[in-house]
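Input: a single structure, listed below in structure tokens.
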Amino acid sequence: MRRLMLSLLFVCLSANADDLADANKLLAAKEYGKALPLYTKAANAGNAEAQFRLGEMYWYGDGTAQDLDAARMWIGKAAAAGIPDAKESLAILERRKTRGNEISYWMNDYRGDELRSGNYACPPPAIPVMSKTNEEIQATRAAVATWQTCYNGFVSNFNAAMPAGKVIPQDVLDMMSPSEFDRVRAHIEPVYRKILLDAQAQADVTLAQRDAWEKATQAFVKDENVRRKRQIELQTTRIVGDNELRLHGNTDSRVHTGK
């Protein structure tokens, strides 16, 4: 009788091992609907690995609706059986109870404010239509240079934040399921795109204003130099003419006296 019971136990364990192996293959192939019942069968039979995988499927919503309570139950059983990853996952699931709203923030409310505020706000400089003095030219160039430095910093910081989701704290990422992260990324990418397009549009306007200012200012400086040159020439001509008149006047006076 004992031999028969041992034989039945071996057959049962072998069947559970086969179910687990088949379930793992289906999970790897992302055939979640087929993997779920096999994991369920093995988990109910007490297989700790199957309990952990089943808990993850309930957590991630793979092959079933997301059920965090079922996920905690099955992962808790796996953790109690000594599965190290299960213990870590259980702690993360417990953290979701109090910090789940942070997932919602990244999924729905994140606006990328840290990418365009503070040192990265980069307000456009006040660029006049034209500058007529050296002081105005130097002040405008300094304002444009300050803006350019800020904008370059904005671009560097923006690139460092890519790809979308890199700015999310790791402990928040750990709480997300893959499908939740996909939703977060789907929300963040348009936010990033708008921030970048708005910044590029403002930069195009600023650079166009700078170029127009430089052109108008250079034209003014050129005209002013021509005007001053002519003024100097006129003054020089007048001075020469006055000197010639004085010279002729002095000569006539000497000749008249000599008579």
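Bear in mind that the values in this text are calculations on the coordinates, not laboratory data. The structure presented is a predicted model; accordingly, all values stated were derived computationally and were not measured. Cβ coordinates were reconstructed from backbone atoms using ideal geometry, including for glycine residues, and neighbour counts include every protein chain displayed.
Details
- The requirement of being free of Cβ contacts under 8 Å to residues at least 24 places away in the same chain, surrounded by 12 or more Cβ atoms within 10 Å (Cβ to Cβ) and either more than 26 Å from PHE158 (Cα to Cα) or in contact with a His (Cβ under 9 Å, 6 or more places away or on another chain) (or both) is satisfied by GLU136.
- Among (1) among the hydrophobic types (A, V, I, L, M, F, W, C); (2) assigned to a loop (DSSP other than H, G, I, E, B); (3) without any contact (Cβ under 8 Å) to a residue 12 or more places away in the chain, the one test that ALA164 misses: (3)
- Any hit, the range 122-139, residues being in a loop (DSSP other than H, G, I, E, B) and closer than 28 Å to GLU88 by Cα: no
- Test: residue in the range 231-243 that is closer than 30 Å to GLU135 by Cβ, among the charged types (D, E, K, R) and without any contact (Cβ under 8 Å) to a residue 12 or more places away in the chain: yes
- Restricting GLN209, GLN200 to residues that are part of a helix (DSSP H, G or I) and free of Cβ contacts under 8 Å to residues at least 40 places away in the same chain narrows the list to GLN200.
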